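The structure appears below as structure tokens.
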Amino acid sequence: MKKIIAFDCDSTLSAIEGVDELARFAGDDVFKQVEDLTNQAMNGKIAVETVFGKRLELIQPTQQQCEQVGQMYIDHIEPTAKATIAKLQQNGWECIIISGGFAACIEPLAKELGINRIEAVPLYFTKNGSYLGFDSDYPTTRNGGKPEIIFQIKGEQNPDTIAMIGDGVSDLETQSVVDTFIGYLGYAAREKVQEEAKNTTYILSEILDILI
């Protein structure tokens, strides 16, 4: 039996929002602007695609800063994440990450958790590590992108069951295309997710009771 579970990364597998941490490097004014844009998008107030490029243009993240944020993800890992993922894998679940964050930042956390597949936005850098741009065609740069990736995975692997867990409205969008959606409220209890998610949890280990 083929079973797949997709995890959001920011405010789910780790307490931080990677884009906000990158914004801190650019100073208080940029941080406040980026944090506000992120919250509006994650709460469903504005479309993800309207903020995605704007945030990166404000931040201009370097390759070195992405590596630093990668370590922050690990430093602020959800307390039960590692054990929960290990238990799921023991029970035959393939664990993946689907994120609107940046692959360069998320890769170290995925390695720490033993997750091989990351669906996250590629960033491009110059040879000296300065910001060059991002893949604007990548699905998670826009609303509806996570369901798009779920459909892609279904087409590739034809799983018997597929689940998704995350904190944002972009995660909630997958509820109609997965067998089980779980809203994660442990770091950011977003109103729309609380109201509309059929399952919710404040700690990742509780998803074992739902899935196993």
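Throughout, read-outs are computed from the coordinates displayed, never taken from laboratory work. Only a predicted model underlies this, so the values are computations on that prediction, with no experimental measurement involved. Note that each Cβ is placed from the backbone with ideal geometry, even for glycine, and that neighbours are counted across all protein chains shown.
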Acute angle (nearest 10 degrees) that the helix 81-90 long axis makes with the longest principal axis of the chain, alpha-carbon atoms: 40 degrees
Theoretical ellipticity at 222 nm over the chain - DSSP helices of four or more residues, -39500 (n - 2.57) apiece, nearest 500: -13500 deg cm²/dmol
By average C-beta atoms within 10 angstrom, highest first, the peptides 147-158, 103-114, 60-71, 79-90: 103-114, 60-71, 79-90, 147-158
Whole-number Å³ per residue for the convex hull built on Cα positions in the chain: 108 Å³
If the convex hull is drawn through the Cα atoms of the range 23-124, its volume per residue in Å³: 115 Å³
For peptides 200-208, 93-101, 19-27, sequence by mean Cβ density within 10 Å, most packed first: 93-101, 19-27, 200-208
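Beyond 26 Å between alpha-carbons counts as too far, so tell me which of LYS2/LYS82; LYS32/LYS192; LYS87/LYS192; LYS2/LYS111; LYS154/LYS198 fall in that bin.
LYS87/LYS192
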Enclosed volume per residue, in Å³, of the convex hull spanned by Cα atoms of the range 111-212: 148 Å³
Karplus 3J(HN,Hα) series, Hz, for the range 102-112 with 6.51 cos²θ - 1.76 cosθ + 1.60 (x for Gly, Pro): 10, 4, 4, 7, 7, 3, x, 5, 4, 4, 4
The chain: angle of helix 28-42 to the longest principal axis, Cα-based, in degrees nearest 10: 30 degrees
